[in-house]
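For reference, the structure is listed below as structure tokens.
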Amino acid sequence: MIGYIARRLGQAVFILIGISLVTYVLVYLIPADPVRQIAGRSATPETVESIRRQLGLDLPLWQQYLRYLGDLLQGDLGRSYIQKTEVATLIASRLPATLELMAGAILLELLIGLSAGIYAASRRGRPADRAIMVASFAAVSAPQFVVGILLLYVFAVQLGWFPIGGYGTLWHLVLPALTLGLLGGGWYARMMRSAMIEVLRQDYIVTARAKGAGRFRILFVHALRNAALPVVAMVGLDIGIFMSGAVVVESVYGWPGIGQLAWQAIQRVDIPIIVGVTIVAAVAIVLGNLLADLVAPFIDPRIKFRR
Amino acid sequence: MRTFLTTTALALSLLAAPAGAAEPTQGGEMIVTYKDDVSTLDPAIGYDWQNWSMIKSLFDGLMDYVPGTTELVPDLAESYELSEDGLTYTFKLRKGVKFHNGRELEAADIKYSIERAVRPETQSPGAGFFASIEGFEALTSGAAEELSGITTPDDYTVKITLSRPDATFLHVMAINFSFAVPREEVEKYGQDFGKNPVGTGAFRLAEWTLGQRLVFERNPDYYKEGRPRLDRIVFEVGQEPLVALLRLQRGEVDILGDGIPPAKFLEIMNDPEWRDNVVEGGQLHTGYLAMNVTMKPFDNVLVRRAVNHAINKDRIIRIINGRAVPANQPLPPAMPGHDPNYEGYAFDPEKAKQLMAEAGYADGVDTELYAMNTDPNPRIAQAIQQDLAAIGIRAELQVLAQANVIAAGGEKDAAPMIWSGGMAWIADFPDPSNFYGPILGCGGAVPGGWNWSWYCNEELDALAAEADAMVDPAKAEERIDLWRRIFLRIMDDAPWAPVFHEQRFTMKSDRLGGPDAIFVDPVHIPVHYDEVYIEDGQ
């Protein structure tokens with residue numbers, strides 16, 4: 001297993017170098033000049049050129065990229081043009097809030113999605129199943145900002161049960177996590193339902209039922225473990241996605257996560273932050289997938305690590 | 001030299017609370033919200049409207065403005081004198097002013113701070129403001145280590161010699177880039193000084209949690225009696241303007257740093273409960289349509305005049321819910337030199353069509369209009385597009401991100417027309433010359449410059465230089481008159497179609513007190529942080 005992890009991490013390094021190259025070139029293609037952005041409108045042409053030289057932006061693209069890559073391999077993501085701070089510091093400062101929201105969102109979407117999906121599968125074709133499928137469809141299609149503002153308006157502004165946005169206590173976390181949890185829950189419910197239905201059709205379930213196993217026992221002991229595999233893979237993906245930030249929800253609730261940082265950087269063409277967040281997000285997606293693949297054999301012993 | 005004491009006293013008395021009101025209380029805390037994190041609080045580097053005013057509360061310069069006005073007064077300087085030849089300013093420093101680290105401010109700090117802003121390593125966007133100081137080129141090119149024009153005969157005297165007379169120089173001494181910083185702290189923090197600012201200002205930085213909040217607390221050693229009035233200001237960042245408004249209405253927030261969200265503007269202004277919490281004021285802003293005078297068809301002055309006649313400014317102002325007043329000249333009404341009697345080009349499509357025919361474009365012409373992609377600018381650009389179509393100018397819209405529009409404007413033959421919204425000129429300091437050089441003078445008509453109409457009238461450049469050499473305070477009126485004439489001459493050549501001057505609308509909580517002028521201060525945005533106070537139990 002250790003050999004497997006090492007091999008996967010080795011692959012990840014190449015993936016990350018590839019991603020950094022693509023991001024760097026794409027950002028370079030933006031027809032905006034970052035130096036003029038830094039220098040502001042009152043700068044003399046000499047000031048502009050001097051800043052360009054100091055930042056090494058007068059070098060050809062490949063030299064700039066190699067320089068960036070060299071720093072990156074030493075863990076240096078560069079300095080933000082606008083915020084004038086180390087990009088690594090900025091991302092690190094956003095990490096606690098990002099992780100907190102990620103944990104809350106994944107917990108809620110699993111709770112909502114799995115219970116709804118299992119229940120729907122066990123009631124297949126009946127009104128409860130239909131109602132859950134309609135609700136999950138609505139949840140999947142609803143735009144995040146609509147749900148976000150709706151929850152905020154009803155539960156924070158009108159009812160006053162929760163603070164109006166912000167970060168700090170567990171109370172602050174509830175609404176943003178619920179917004180993400182409801183929407184993600186819709187996906188999980190649909191996925192869980194179809195996986196369960198698939199499993200419930202298998203011969204061994206019929207056998208178990210014939211042996212007189214109870215409904216609960218069949219659902220949770222015999223079926224759930226086999227139906228859970230796609231869910232695990234999806235949680236792995238979710239970790240990666242949430243690590244790169246829940247941009248919309250973070251904006252609505254003023255949640256100081258990585259998504260908010262990225263969104264502000266995009267609006268201000270703060271290239272080092274844009275590239276830095278992209279790379280961190282890529283790392284998170286690679287690690288999330290790896291984690292899901294590592295957990296899979298424990299759930300389904302038929303899956304083995306290939307040497 | 002005129003004395004400043006009398007004028008200051010007069011201005012302060014104008015600002016004082018209405019007769020009979022109790023003296024404002026000192027103390028309390030105010031909460032200000034912003035969408036974006038604060039970039040830097042280094043006075044040599046910070047140059048956006050969000051940190052501009054915050055820096056003014058943490059640091060001081062030799063000069064400042066009377067709160068709520070554009071009138072210059074000495075600040076760190078107690079007094080100053082100008083030599084006969086108009087080239088040497090001698091500033092006498094106030095004694096006993098202390099940096100937040102406890103050390104007393106000395107003349108050497110002023111010299112160090114200005115030289116730091118000019119030095120290329122600092123990467124200050126404001127270095128160019130100091131170009132009239134003797135020795136500027138030597139320092140920027142690396143030939144010298146200091147500005148030969150700044151000397152410090154003793155600890156409380158700063159002598160600044162200019163290489164040419166500069167009537168705007170005292171404004172430059174009030175601009176953030178000139179503010180005093182302590183060398184030992186700058187060297188201690190290096191590039192991170194902007195996150196660990198130490199100045200002499202009314203407030204000092206107590207806390208900065210990246211992405212979440214900043215806290216300013218009263219500087220107990222501040223030299224100005226009775227200021228600041230608040231004990232603390234908490235800046236909460238990362239707050240959507242819409243959510244911030246809801247919080248203000250619930251009493252959790254005192255000032256909306258990003259202003260009233262446009263979607264809610266009319267609702268608030270029509271709501272009797274909230275209307276009175278909004279203070280309206282002018283600002284030193286002009287939104288304009290720049291026409292590139294080196295590109296067809298705008299190389300023809302008749303076409304440019306036709307465009308000026310074609311634009312329905314009232315309709316455009318309706319698009320932005322009336323948050324502006326129509327413009328007919330480059331200078332905004334609050335700027336000295338604005339001519340209230342100038343009539344400008346009236347909205348007259350028939351006349352515009354006539355001019356187009358005279359210019360030889362009776363059959364119309366195809367061109368492009370660049371605009372920034374954030375609301376309401378695309379909608380404004382569409383309105384302009386329709387107005388121009390009515391007189392035969394078929395403009396294709398190029399709606400792009402801010403940086404891309406700015407890049408196109410800085411190229412000589414890229415953008416025939418640019419709507420300036422979202423990037424429009426807001427003055428760095430309240431003097432008409434600041435509306436000329438970079439955006440209408442020959443100096444700005446260079447690759448990468450901000451003169452997007454590439455208008456370069458050497459005769460006017462000479463007049464501008466003449467006006468800025470009129471340093472004698474007795475000639476101040478005459479100088480402003482000359483500027484007024486320059487801007488009206490520009491309107492004859494019509495490189496711009498001025499469209500509107502944005503108004504400011506500051507929304508505040510019920511708790512906040514202070515004269516209205518403090519909430520729409522022409523130099524401090526959104527409010528003058530040192531002057532506002534909490535109304536106590538009234």
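Points to keep in mind about this one:
- Orientation-averaged projection of region B:207-328 equals 12.9 nm² [convex hull of Cα atoms, one quarter of hull surface area].
- All-pairs alpha carbon distance profile, chain A, 20 Å steps from 0, percent: 27, 48, 22, 3, 0
- Degrees between helix A:258-267 axis and first principal axis of chain A (Cα, 0 to 90, nearest 10): 40 degrees
- Cα-based radius of gyration of chain B once divided by 2.2 N^0.38 Å, which approximates compact folds: 0.99
- Chain A: angle of helix A:87-122 to the longest principal axis, Cα-based, in degrees nearest 10: 20 degrees
- Annotation: Cα Rg of region A:217-307 relative to the compact-globule expectation 2.2 N^0.38 Å equals 1.44.
- Cα-based convex hull, region B:398-491, per residue volume (Å³, whole number): 100 Å³
- Environment charge of residue B:95, counting only residues whose C-beta is closer than 11 Å and scoring Lys/Arg +1, Asp/Glu -1: -1
- Once the Cβ-Cβ distance of residue B:101 and residue A:49 is raised to the sixth power relative to R0 = 35 Å, the FRET efficiency obtained is 0.50.
- Table column - 3J(HN,Hα) (Hz), region B:150-159, Karplus curve with 6.51, -1.76, 1.60, x for Gly and Pro: 10, 10, 10, x, 8, 5, 10, 10, 10, 10
- Base-10 log of normalised Debye intensity for region B:38-118 (one unit scatterer per alpha-carbon) at q = 0.16, 0.27 Å⁻¹: -0.75, -1.40
- Kirkwood estimate for region A:147-205, i.e. one over the average of 1/r between Cα atoms, Å: 13.5 Å
- Kirkwood Rh, Cα atoms: Rg over Rh of region B:327-472: 0.99
- What separates the Cα centres of region B:79-147 and region B:461-538 is a distance of 25 Å.
- Distance cut-off 19 Å, percentage of C-alpha pairs in region B:359-440 lying past it: 46 percent
- Amide hydrogen neighbours beyond the local backbone of residue B:367, cut-off 5 Å, H modeled: B:394, B:395, B:396
- Calculated [θ] (222 nm, deg cm²/dmol) that DSSP helices of n ≥ 4 give over chain A, each run adding -39,500 (n - 2.57): -24000 deg cm²/dmol
- Hits among aspartates and glutamates - C-alpha to C-alpha of residue A:304 under 17 Å, sequence gap 8 or more where chains match: A:293
- Taking the DSSP beta bridges with both ends in the protein assembly as shown, the antiparallel portion is around 75 percent.
- Here the Kirkwood formula puts the hydrodynamic radius of region B:188-262 at 14.2 Å, using every distinct Cα pair.
- Under the Karplus curve 6.51 cos²θ - 1.76 cosθ + 1.60, θ = phi - 60°, whole-Hz ³J(HN,Hα) for region B:456-471, x wherever Gly or Pro sits: 9, 10, 5, 5, 5, 4, 5, 5, 4, 4, 4, 4, 6, 8, 7, 8
- Two-decimal ratio, region B:140-291, of alpha-carbon radius of gyration to 2.2 N^0.38 Å: 1.45
- The slack between residue B:466 and residue B:315, meaning 0.36 nm per residue of separation minus the straight C-alpha distance, is 50.5 nm.
- With neighbour counts taken as other beta-carbon atoms within 10 Å, the residues A:217, A:302 rank, fewest first, as A:302, A:217.
- Mean residue ellipticity, 222 nm, helices only, chain B: the sum of -39500 (n - 2.57) across DSSP H runs of n ≥ 4, divided by residue count and rounded to 500, is -8000 deg cm²/dmol.
- Annotation: amide H-H contacts under 5 Å for residue B:37 (H modelled 1.01 Å from N, sequence separation of 5 or more, or interchain): B:238.
- Cα-centre dipole for region B:136-294 with unit charges at Cβ (Lys and Arg positive, Asp and Glu negative), debye to 20: 140 debye
- The Kirkwood radius of region B:84-126, taken over pairs of alpha-carbon atoms, gives through the Stokes-Einstein law at 20 °C and 1.002 mPa s a diffusion coefficient of 170 µm² s⁻¹.
- Region A:75-141 versus region B:419-448: alpha-carbon centroid distance in Å: 47 Å
- Quarter of the Cα convex hull surface for the protein assembly as shown, i.e. its orientation-mean projected area (nm²): 42.3 nm²
- Taking all Cα-Cα distances within region A:232-282, those exceeding 17 Å account for 36%.
- Fraction of alpha-carbon pairs over 17 Å apart in region A:89-179 - percent: 60 percent
- Exposure proxy for A:4, B:222: other Cβ atoms within 10 Å of each Cβ, ordered fewest to most, give A:4, B:222.
- Per-residue Cβ neighbour counts within 10 Å put A:107, B:284, B:246 in the sequence A:107, B:246, B:284, beginning with the fewest.
- Rounded to the nearest 10 degrees, the inclination of helix A:271-299 to the longest alpha-carbon principal axis of chain A is 20 degrees.
- Across region A:5-17, computed HN-Hα scalar couplings (Karplus, 6.51 cos²θ - 1.76 cosθ + 1.60, θ = phi - 60°) run 4, 4, 5, 4, 5, x, 4, 4, 4, 5, 4, 5, 4 Hz from first to last residue, x flagging Gly and Pro.
- Each Cα pair under 8 Å and six or more residues apart adds its separation to the average, and for chain B the resulting relative contact order is 20 percent.
- Taking Lys and Arg as +1 and Asp and Glu as -1, the other residues whose beta-carbon sits under 14 Å from that of residue A:224 total +2.
- Close amide H contacts of residue B:288 (hydrogens built in the peptide plane, cut-off under 5 Å, sequence separation of 5 or more or a different chain): B:420, B:421, B:499.
- Taking the Cα centre of region A:210-303 as origin and assigning +1 to Lys and Arg Cβ atoms and -1 to Asp and Glu Cβ atoms, the resulting dipole is close to 600 debye.
- Distance between region B:354-381 and region A:242-307 - C-alpha centres, whole angstrom: 45 Å
Bear in mind these aren't lab numbers, they're just calculated from the coordinates by the rules spelled out. If you're wondering where the values come from, they're calculated on a predicted model, not measured in any experiment. Every residue, glycine among them, receives a Cβ derived from its backbone with ideal geometry; neighbour counts consider all protein chains shown.
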